[in-house]
Amino acid sequence: MRKLRIRAGILSVVLLTGMVMYTGCGAAGSAAVPELIEPAAANSSYRPVELGEIGETKVIYGTIVPKDYCSFYHTNADISEITVEVGDSVEEGEIVAYANTDAAKEALEELNADLANENQNYNINSRITQARIHQIEVAEMDEGERATRLATEQENQRYDKMLHDYRVGKLNESMAEQQEIIEEGTLRARHAGTVSYIKNTGKSTSAGAYENIVIVSDPQDTCIELEKTIGQYAYTDYEEKFMKLAGGRYDVAEIPYSLDETILAKASNLYPNVRMECPDAGELPLGASYPVYFQKEKVKEVPVIGLDSLYGEKNDYFVYVKRADGGREKRAVTIGDSDDNYAEVTDGLTEGEQVFYASDARMPAKYEEYTVEIGNYEIANISRSYDLENERTVWYDAPYEGTIEEIAVKKGAVVEEGELLYVIDSGVGKAALRKAKNQINHENKAYVEAVADIDERLAVEIDEDMRSILSSQRELESVNHAYRLRKLQKEYNRMAKNNDGNGKVSVYARQGGTVSNINFSSGDIVTTGAHVISVGEAAGNKILVQMNSLMPDERNYPENIADFGEEITITLGETDYTGRCIGWAAQPNNVDKAYLTSDEDGAYLSLSYGTDSGYSVGAFFVEMDDESFYEKKSNRGKVSFLYISMQDVIVIPTSLVHEETRAEKPAQTFYYVWRVIDGELVKQYVLVDKSLSGVNKTVILSGVKEQDVLAREK
């Protein structure tokens, strides 16, 4: 399997092929050559004029992935059950999750209260505005001032209506979505395939609008996904896009997002990854990754020389050409396009002529010849952290700081939904309840004071317009007081539900299952959020692998996880067991990935996202091929899979690759090899990605070809 997974940026490179052939293609220049200072360098050498590619090329790594189909709610919802597991096969339309309809009913009740309050506020404020307008109309004042004040009030009135209509519209949308949850309550698969991700309801059952609950992947429908988002991708208009596979070049094409999809992504500040396809390359294996090459225009294959051979200045260049007797001839040349290392020769030289170049690089004094061959480049990734018996675990964290007064269950016990798990004696809980009560008292006091102030102003002699304004303000205070008081009382009731008022807070099971962990005992002090008890529900025969760092004598790549469908090996003793990656968990490295969902005619369009599954490192799920592996009951094996795997590429010993920096580009590193041509050593620049370079081997992306001869220093 070809596979590569590298968190690398884009390479800005120049691709150069090796020598192709020596044939005449241009006449020697006849311009007069002025006297030049003889070049000096640490070593002197010649390289032939040969055909090469000139032009800037970008390289981005792409991975073969299945297309993903996301199931999510369009509004906030509380998940009561996810009916599928990672690795399950599902059909389009199959139910994958249920929402808590009681929570939806409660949310709808709150939205109705919000809507009623919004309408009441708007109607009362409208009456106040009308009274102010009438005041201005009948008051004695300059007409210019009257017109200005009326225009201000009317503009405020117009703005208030627009804002009110917007708020009402959004509230109605949310109410319709909650009503849909109440009536249906189900979430269905949008496409047939394999479940590759589910939300970790053990961390939280609350789901935000457009948060992915389940993702189904279709392994029969794949694409090349670049580790670039459409918000950070500037290569749509590049003319040439291709991959190199087993020595061949295959054109790739971008799978474009529609204008509506792009606008939605920009408005949401969430951008999906760029997708490509390569239909002529045949079926490419899931998880395999390849460098994808981008060029503004097709790179030209033309006679080239090194920039280190040029003397003079623009439009007046000269080179030194090797004569038959071994001496040097100064000759004027005409230069076309150029890049960081090479320049196109349009006049003055013919292919095969030997051109002097100056180099400060140390040339090998003694060397042996190395013939370039096609080979493979692989690096394994390793983990020693995995859970043999995977469970969907719900942790019951401490809601407050305090002391564990009672642990009501034992490890291994089967509990039912609503069963008491533990009790915390918490002064913080008591204080929180007291604070909630104080907020209610403060609201009542503030309301009484506000109304008393208005009543005092109403008691004096005022005109009818002012009386109407004050009466409306009194009504507004009453409406908003009732609205705020209702919310404060509801919060108090929620806090008091499992709080006896003296700080003892009871924690109950949200779902049934088996008590899998108890981290504290009676009398222990806990902090807010501490994991106290977990209740697990068996999730079938699969393994959760976490990419924790290894011991000092081993090396792995914790930021890297296996791709969907990739083969995994677990070694127990002397025996290897194989399996495959069937899904992943969202964690800091991939939690912000965005997914666009739309239908063919654009009638439906949404942008969804994932949330952290609760793992601090990369994590993925594995299903083993041999069922007997699970009977071993051992989680002390070594998990291995390929971090990098490139086949049929140019691979040479790392010792043959040399580095240099240049004063004009101090932040950039240039790579070169010593190439043997007709018994002479020639400095040849090559394209190297350090992510594909190890202690022993290095992948050469461009610059030399199979059967080129390089010098290996003895």
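Things worth noting here:
- Inspection of the range 584-595 identifies no residue that is touching a residue at least 60 places away in the same chain (Cβ under 8 Å), out of contact with any Gly (no Cβ under 6 Å at 6 or more places or on another chain), open to solvent by less than 20 Å² (accessible area, probe 1.4 Å) and of a type outside the set (A, V, I, L, M).
- Condition met for Gly512 (touching a residue at least 60 places away in the same chain (Cβ under 8 Å) and at negative phi): yes
- Output for the range 508-554, where each listed residue is open to solvent by 20 Å² or more (accessible area, probe 1.4 Å) and touching a Pro at 6+ places or on another chain (Cβ under 8 Å): Thr528, Asn548, Ser549
- Here the range 490-525 is the region considered, the condition is being within 15 Å of Ala408 (Cβ to Cβ) and among the hydrophobic types (A, V, I, L, M, F, W, C), and the residue that is farthest from the chain's Cα centre (by Cα) is Val505.
- Count of residues meeting criterion [modelled with pLDDT of 90 or more and open to solvent by 50 Å² or more (accessible area, probe 1.4 Å)] in the range 359-374: 6
- Among the candidates Leu642, Leu692, Leu710, the residue that is buried (at least 20 other Cβ atoms within 10 Å of the Cβ) and either basic (Lys, Arg) or in contact with a helix residue (DSSP H, G or I) (Cβ under 7 Å, 6 or more places away or on another chain) (or both) is uniquely Leu710.
- Qualifying residue in the range 333-347 (condition: free of Cβ contacts under 8 Å to residues at least 12 places away in the same chain and open to solvent by less than 50 Å² (accessible area, probe 1.4 Å)): no
- Hey, Glu351 touching a Phe, Trp or Tyr at 6+ places or on another chain (Cβ under 7 Å) and either closer than 30 Å to Ser702 by Cβ or not in a strand (DSSP E or B) (or both) or not: yes
- Selection status of Arg167, at pLDDT 90 or above and farther than 24 Å from Tyr210 by Cα: no
Rundown of residues vs (1) under 21 Å from Thr63 (Cα atoms); (2) modelled with pLDDT of 90 or more, yes/no style:
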| residue | (1), (2) |
| --- | --- |
| Ile198 | no, yes |
| Ser217 | yes, yes |
| Lys266 | no, no |
| Glu277 | yes, yes |
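- Residue in the range 667-687 that is part of a loop (DSSP other than H, G, I, E, B), surrounded by 13 or more Cβ atoms within 10 Å (Cβ to Cβ) and either among the charged types (D, E, K, R) or more than 30 Å from the chain's Cα centre (by Cα) (or both) present: no
- For Arg149: the one exception among (1) in contact (Cβ under 8 Å) with a residue 60 or more places away in the chain; (2) open to solvent by 40 Å² or more (accessible area, probe 1.4 Å): (1)
- Single match in Ile404, Ile382 (criterion: within 35 Å of the chain's Cα centre (by Cα) and at pLDDT 90 or above): Ile382
- Any pair with Cβ under 7 angstrom, 6 or more apart, that starts in the range 402-427 at a residue that is under 15 Å from Ser522 (Cα atoms) and small (Gly, Ala, Ser) and ends at one that is open to solvent by 60 Å² or more (accessible area, probe 1.4 Å) and outside any strand (DSSP E or B): Gly402/Val428; Ser426/Glu401
- Remark: pairs (first residue in the range 655-676, under 17 Å from Gly306 (Cα atoms); second residue assigned to a helix (DSSP H, G or I); Cβ separation under 7 Å; 6+ apart in sequence or on different chains) = Val673/Leu656.
- In the range 162-211, the residue that is least open to solvent (accessible area, probe 1.4 Å) out of those that are in contact (Cβ under 8 Å) with a residue 24 or more places away in the chain and among the basic types (Lys, Arg) is Lys199.
- Which listed residue is within 21 Å of Glu53 (Cβ to Cβ) and touching a residue at least 12 places away in the same chain (Cβ under 8 Å), from Val686, Val695: Val686
- Residue ID - nearest to the chain's Cα centre (by Cα), chosen from residues in the range 50-83 that are outside any strand (DSSP E or B) and within 28 Å of Gly418 (Cβ to Cβ): Tyr73
Here's the yes/no breakdown for (1) open to solvent by 50 Å² or more (accessible area, probe 1.4 Å); (2) over 28 Å from Pro653 (Cα atoms); (3) part of a strand (DSSP E or B):
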{"site": "Asn376", "(1), (2), (3)": "yes, no, yes"}
{"site": "Asn381", "(1), (2), (3)": "no, no, yes"}
{"site": "Thr393", "(1), (2), (3)": "no, yes, yes"}
{"site": "Tyr396", "(1), (2), (3)": "no, yes, yes"}
{"site": "Tyr400", "(1), (2), (3)": "no, yes, no"}
{"site": "Glu406", "(1), (2), (3)": "yes, yes, yes"}
{"site": "Lys410", "(1), (2), (3)": "yes, yes, no"}
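- Residue selected from the range 447-502 under the condition open to solvent by less than 40 Å² (accessible area, probe 1.4 Å) and either touching an Asp or Glu at 6+ places or on another chain (Cβ under 8 Å) or acidic (Asp, Glu) (or both), by the criterion modelled with the lowest pLDDT: Asp465
The values are calculated or read from the model by the stated rules, or taken from the named source; none is laboratory data. Keep in mind the model is a prediction, meaning the values are calculated, not measured. Every residue, glycine among them, receives a Cβ derived from its backbone with ideal geometry; neighbour counts consider all protein chains shown. To get the accessible areas, we keep the full protein, side chains included, count just its heavy atoms, and leave off ligands, DNA and RNA. Shrake-Rupley method; radii C 1.70, N 1.55, O 1.52, S 1.80 Å.
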